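Undergrad: The following block contains the structure, expressed as structure tokens.
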Amino acid sequence: MREYKTKEQKKKFYKSKEWKLLRLKVLERDNYECQECKRKGLLYTDKHDSNKHKQLDVDHLKEIKYYPELALEIDNCEVKCVRCHNKKHNRFKSQKKNNKWNDEKW
């Protein structure tokens, strides 16, 4: 079984043809809409354009670091906007005090 614990292992996985194909299938399945925003009654969508900076991520619901066997399972993935994906992984910790967005909006 593959492991995805190091930065290099994850980087190789996310550049793989298998991941890129699955990512596209998930984007299409979820209609290029952030599923987290939808659950909150909001709508964030972006039609995929490979020439512009991506605004949508495909998130593993169960992290591949802990569940490598689910890395390529479509049911373990969903579309999230960059903001919701970053929030899930607590990537806003250092910006929390200065962040103009609050949980009421998101």
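Undergrad: Against the definition (surrounded by 16 or more Cβ atoms within 10 Å (Cβ to Cβ), part of a loop (DSSP other than H, G, I, E, B) and modelled with pLDDT of 90 or more), how does Leu72 come out, yes or no?
TA: Yes, satisfied.
Undergrad: Identify the residue in the stretch 75-106 that is open to solvent by less than 90 Å² (accessible area, probe 1.4 Å) and over 12 Å from Asp57 (Cβ atoms) and, among all such residues, is modelled with the highest pLDDT.
TA: Per the stated criteria, the residue is Asn76.
Table: residues versus (1) under 15 Å from the mean Cα position of the chain (by Cα); (2) open to solvent by 100 Å² or more (accessible area, probe 1.4 Å); (3) closer than 14 Å to Tyr4 by Cβ; (4) modelled with pLDDT under 95.
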position	(1), (2), (3), (4)
Lys17	no, yes, no, no
Gly41	no, no, no, yes
Asp49	no, no, no, yes
His60	yes, no, yes, no
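Undergrad: Would you pick out the residues in the stretch 1-41 that are over 16 Å from Asp57 (Cα atoms), free of Cβ contacts under 8 Å to residues at least 40 places away in the same chain and not hydroxyl-bearing (Ser, Thr, Tyr)?
TA: Those that are over 16 Å from Asp57 (Cα atoms), free of Cβ contacts under 8 Å to residues at least 40 places away in the same chain and not hydroxyl-bearing (Ser, Thr, Tyr): Lys7, Glu8, Gln9, Lys12, Lys17, Arg39, Gly41.
Undergrad: Same structure, new question: For Asp30, are the conditions met, namely being open to solvent by less than 100 Å² (accessible area, probe 1.4 Å) and modelled with pLDDT of 95 or more?
TA: yes
The values are calculated or read from the model by the stated rules, or taken from the named source; none is laboratory data. Bear in mind that the values here come from a model prediction, so they are computed numbers and not experimental data. All Cβ positions, glycine included, derive from the backbone under ideal geometry; neighbour counts span all protein chains shown. The area values use the complete protein model at the heavy-atom level, side chains included, leaving out ligands, DNA and RNA. Shrake-Rupley method; radii C 1.70, N 1.55, O 1.52, S 1.80 Å.
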